[in-house]
Amino acid sequence: MATSSTPKPTPPKLDPVRVPIVEEGPEERTKDFRTILHAYSREEAVLEAKRCIQCRRPWCVEACPITQDCREYIRLIAAEDFDGAARVTLRDDPLASSLCKVCYRYCEEYCVIAKKGVPIAIRHLKRAALDFGRTDLAYVPSQPKRERIAVVGAGPAGLMAAWELGVRGYAVTVFEREANVGGLVRTIPAYRMTDDDLQRDLARFRDLDVTFVRARRVGREPTVEALLEEGYAAVVLALGTPEHRVLGIPGEELPGVVPALGFLKAVHEGRPPPLGRTIVVVGGGDVAMDAVRTALRTAPGASVTLVYRRDRDEMPADREEVHEAEAEHVRFLFLRAPVRIAGSAHVEGLVVRTVELGPPDASGRRAPMPVAGSETTIPCDTVLVAVGQRTDLDGFETGLDLHVTSQGWPEGKGAGHATSHPRVFAVGGKSVVYAMGAATDAVQALDRALREQRGEPAAPRPDPLGGSEPSHLPAGYTKPIRS
Ligand SMILES: Cc1cc2nc3c(=O)[nH]c(=O)nc-3n(C[C@H](O)[C@H](O)[C@H](O)COP(=O)(O)OP(=O)(O)OC[C@H]3O[C@@H](n4cnc5c(N)ncnc54)[C@H](O)[C@@H]3O)c2cc1C
Ligand code: SF4
Ligand code: SF4
């Protein structure tokens, strides 16, 4: 026990400067879909990990929607134990090979080093853990349960639900309406993550009792009720937002107007549609950012302009991506609202009106107010529409009391995401890791309910890598932080 004569421990020295993450230069990288961020070497990763002061309260873990114990994998990297770091990473995160490239780094926003300098490169260190540690592992199911569970949708939420259920020993069938699994992850451009990353993650599911039924839409046939009657003990709906939103302005039916979601998916699948020479992308979110940058790469030499109805500071897109798009010479036009698309047989221009920002609207952001007489035409031959996604609830209209969020996905109520049917849950999220976190919450509620029926006490997730320690929150953890 400390006494007045015991010297106080010296606080760890804080190094505010991050070990640089080398980026492929804009001129080179826009020639193709090569990865932009270079990986750390072993030595760089160890140096960066040593900057972490191992906070007693792990802010970074509290800010991670899947409570990834990043503090611990960073500690292991600093000790040069890459196998240990990879194990910790994969223990908490079944989509780690994907997330180490595309997660929006909620943890880094809360890293205490950010108060004095650049936060620890927590996401990039996850990539180093997987690059240099042992990753050819397979998840281990615990004692098989007698219940079968249906998951509808194989995006990040559905995949996480399948994993959470699979490691608990449930037999899981995942119904996916598309021919491939991954959901919107399959629209993320290859310069950020490739399909191989997702396949590496899915390969670790191989010993779980998870069956994928592809190209099978649930809703009308089979209905959710039919799945329950067929013997599934519960259904997790992870329907996401597979459809694009439209602008709703005249001229949108013209050839040359292309939904950004379909465009990105086609490029991801290796069949890029032909674009013109003057491309305008409408939107200010991450999809718009991926669309402008993918357009640059698929239509070399074309001019690419992004049109957004608010200003730069109000753009919802990730700052890293805005900065990268600017470096790639995308032209940004802020405070312009689309009015109509001009052209007779094909797009010839986008007519926009200048707007000013007024008082905040229902979303809390300042509302764009049109300036009278300010219409101008931006000449172009292609308009990529990136103004959001929506869900498809055909066949789910009644009985479940689904709540559709402002960003478009349906979910249940409360912490466990229950619908009005006691055995049906509904989840989704604004990003890959948020969708995964919601699935974890729903499966915890579902597992608790099924255990109660069996007369068993609630239990935490078993170690998915076959160890004897069930999952628990790291020392010092207080409560989740949600961005
Ligand atoms: C272009 C783009 C780039 C993005 N970049 C990032 C990024 O870098 N980082 C990040 O964290 N997030 C990113 N996101 C967001 C992220 O992809 C989503 O938040 C996440 O995929 C949501 O997961 P989900 O499982 O809830 O839904 P989805 O990914 O939409 O998956 C839903 C799945 O359910 C299937 N489905 C729907 N209805 C049915 C039905 N009736 N029957 C059977 N199957 C059905 C769909 O086909 C789909 O596979 C990006 C999104 C887009 C569009
Ligand atoms: S999953 Fe995302 S938020 Fe969580 S630790 Fe990794 S980078 Fe951070
Ligand atoms: S908040 Fe930052 S410094 Fe603290 S443990 Fe997490 S990564 Fe390390």
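Considering each residue of segment 36-53, count those that are assigned to a loop (DSSP other than H, G, I, E, B) and either hydrophobic (A, V, I, L, M, F, W, C) or open to solvent by 60 Å² or more (accessible area, probe 1.4 Å) (or both), and give that number.
Looking only at that region, the number is 6.
Counting only residues that are closer than 15 Å to Cys60 by Cβ and among the basic types (Lys, Arg), how many does segment 73-126 have?
So the count comes out to 5.
Filter segment 103-112 for residues that are more than 13 Å from ligand 1 (Cβ to nearest atom) and in contact with a Ser or Thr (Cβ under 9 Å, 6 or more places away or on another chain); which is most open to solvent (accessible area, probe 1.4 Å)?
In this case the residue turns out to be Glu109.
Check Ala226 against each of (1) in contact (Cβ under 8 Å) with a residue 24 or more places away in the chain; (2) among the small types (Gly, Ala, Ser); (3) closer than 18 Å to Phe396 by Cα and name the one condition it does not meet.
Evaluating Ala226 over (1) in contact (Cβ under 8 Å) with a residue 24 or more places away in the chain; (2) among the small types (Gly, Ala, Ser); (3) closer than 18 Å to Phe396 by Cα leaves (1) as the failure.
Output the qualifying pairs, or none if there are none: Cβ atoms under 8 angstrom, residues six or more apart or on different chains, first residue in segment 424-435 and over 14 Å from Thr241 (Cα atoms) and modelled with pLDDT of 95 or more, second residue hydroxyl-bearing (Ser, Thr, Tyr) and open to solvent by 10 Å² or more (accessible area, probe 1.4 Å).
Phe425/Thr419; Val433/Tyr104; Val433/Tyr106
Would you check which residues across segment 113-134 are in a loop (DSSP other than H, G, I, E, B) and either on the phi > 0 side of the Ramachandran plot or open to solvent by less than 40 Å² (accessible area, probe 1.4 Å) (or both) and list them? Spell out how you get there, then give the answer.
First, pick out the residues of segment 113-134 that are in a loop (DSSP other than H, G, I, E, B): 116-121, 133-134.
Once the filter is applied, which keeps residues that are in a loop (DSSP other than H, G, I, E, B) and either on the phi > 0 side of the Ramachandran plot or open to solvent by less than 40 Å² (accessible area, probe 1.4 Å) (or both), segment 113-134 yields Gly117, Pro119, Ile120, Ala121, Gly133.
Only residues that are under 25 Å from Gly408 (Cβ atoms) and open to solvent by 80 Å² or more (accessible area, probe 1.4 Å): list them for segment 336-358, please.
Arg340
What number of residues in segment 260-286 are within 30 Å of Val151 (Cα to Cα) and surrounded by fewer than 20 Cβ atoms within 10 Å (Cβ to Cβ)?
Initial filter on segment 260-286 (within 30 Å of Val151 (Cα to Cα)): 260-271, 285-286.
Okay, now just the ones that are also surrounded by fewer than 20 Cβ atoms within 10 Å (Cβ to Cβ), so 262, 265-266, 269-271.
So the answer is 6.
Looking at segment 146-155, which of its residues are touching a residue at least 40 places away in the same chain (Cβ under 8 Å) and either over 20 Å from Phe396 (Cβ atoms) or in contact with a His (Cβ under 6 Å, 6 or more places away or on another chain) (or both)?
Within segment 146-155, the first condition is being touching a residue at least 40 places away in the same chain (Cβ under 8 Å), and the residues that meet it are 147-155.
Those that are touching a residue at least 40 places away in the same chain (Cβ under 8 Å) and either over 20 Å from Phe396 (Cβ atoms) or in contact with a His (Cβ under 6 Å, 6 or more places away or on another chain) (or both): Glu147, Arg148.
Please tell me if Leu384 is within 16 Å of ligand 1 (Cβ to nearest atom) and either under 20 Å from Arg245 (Cβ atoms) or surrounded by 13 or more Cβ atoms within 10 Å (Cβ to Cβ) (or both).
Numbers: within 16 Å of ligand 1 (Cβ to nearest atom): yes; either under 20 Å from Arg245 (Cβ atoms) or surrounded by 13 or more Cβ atoms within 10 Å (Cβ to Cβ) (or both): yes.
It is true that Leu384 is within 16 Å of ligand 1 (Cβ to nearest atom) and either under 20 Å from Arg245 (Cβ atoms) or surrounded by 13 or more Cβ atoms within 10 Å (Cβ to Cβ) (or both).
Does Gly414 satisfy the condition of being under 25 Å from Gly240 (Cβ atoms) and small (Gly, Ala, Ser)?
Numbers: under 25 Å from Gly240 (Cβ atoms): yes; small (Gly, Ala, Ser): yes.
So Gly414 fits the description; yes.
Taking segment 288-330 as the region of interest, how many residues are outside any helix (DSSP H, G or I) and over 29 Å from Glu109 (Cβ atoms)?
Of the residues in segment 288-330, the ones outside any helix (DSSP H, G or I) are 299-311, 315-318, 328-330.
Now narrow it down to the ones that are over 29 Å from Glu109 (Cβ atoms): 299-305.
Final tally of qualifying residues: 7.
Kindly indicate whether Cys100 is crowded, with 21+ Cβ neighbours inside 10 Å, assigned to a helix (DSSP H, G or I) and within 16 Å of ligand 1 (Cβ to nearest atom).
Working: crowded, with 21+ Cβ neighbours inside 10 Å: yes; assigned to a helix (DSSP H, G or I): yes; within 16 Å of ligand 1 (Cβ to nearest atom): yes.
Answer is yes for this residue.
Go through Arg18, Arg56 for me and flag whichever is outside any helix (DSSP H, G or I), within 14 Å of ligand 3 (Cβ to nearest atom) and closer than 23 Å to Arg192 by Cα. It would help to see each step written out before you state the result.
Numbers: Arg56 fails: closer than 23 Å to Arg192 by Cα.
None of the others qualify; the one that does is Arg18.
The values are calculated or read from the model by the stated rules, or taken from the named source; none is laboratory data. The structure presented is a predicted model; accordingly, all values stated were derived computationally and were not measured. Every residue, glycine as well, gets a Cβ built from its backbone with ideal geometry; the counts of neighbours run over all protein chains shown. The accessibility values were calculated without ligands, DNA or RNA, using every heavy atom of the protein model including side chains. Shrake-Rupley method; radii C 1.70, N 1.55, O 1.52, S 1.80 Å.
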